[in-house]
Amino acid sequence: MWIIDPAQPITPLETCQPRPHIALMVDTDEIPGDQLRTIVERIEHMEQEISELNESKKEIYQEAKSNGFDPKVLREIVRRRKQDQKERDEHESLLELYLRAMNGARASKAA
């Protein structure tokens, strides 16, 4: 249980600074240590799995590169495939619109 002095207001700048006027009391009997340890271990296990998967993904991109494929283009394809068709069409339309506007501005400056 945390006990905070309600007479002392907390401002955003003070939240990250030590506050000696706050009394801290923690009763460890109230914290289910075994449950907490299990949760932390599960999180650590997931982080390890994610790290291994990211390493595998990196190896796939390296393999693709050694076979002549451009990893940047492959990443773009993967990113676009995650989008739904409507979102992808909207993005491509805006991209074309912006490119035409830039080319039109460049042609006006050249004239």
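Figures for the structure shown
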{"read-out": "Three-way shape label, the range 72-111, alpha-carbon gyration tensor, a/c 1.5", "value": "oblate"}
{"read-out": "Computed E for HIS91/ILE39 - FRET, C-beta separation, R0 35 angstrom, nearest 0.05", "value": "0.35"}
{"read-out": "Part-to-part distance (alpha-carbon centres) for the range 71-111 and the range 38-68, which is given in Å", "value": "30"}
{"read-out": "Candidate lysines for bridging to LYS86, where Cα separation is under 28 Å - those fewer than 8 sequence places away on the same chain excluded", "value": "LYS57, LYS72"}
{"read-out": "Projected label distance in nm at GLU76 and LYS109, using a 7 Å step from Cα toward the beta-carbon", "value": "2.3"}
{"read-out": "Test item: Cα-centred dipole of the range 72-111, Lys/Arg +1 and Asp/Glu -1 on Cβ, debye", "value": "260"}
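No lab work stands behind these numbers, since they all come straight from the coordinates. What you see is a predicted model, and the numbers here were worked out from it, not measured in a lab. So basically every Cβ, Gly included, is an ideal-geometry build from the backbone, and we count neighbours across all protein chains shown.
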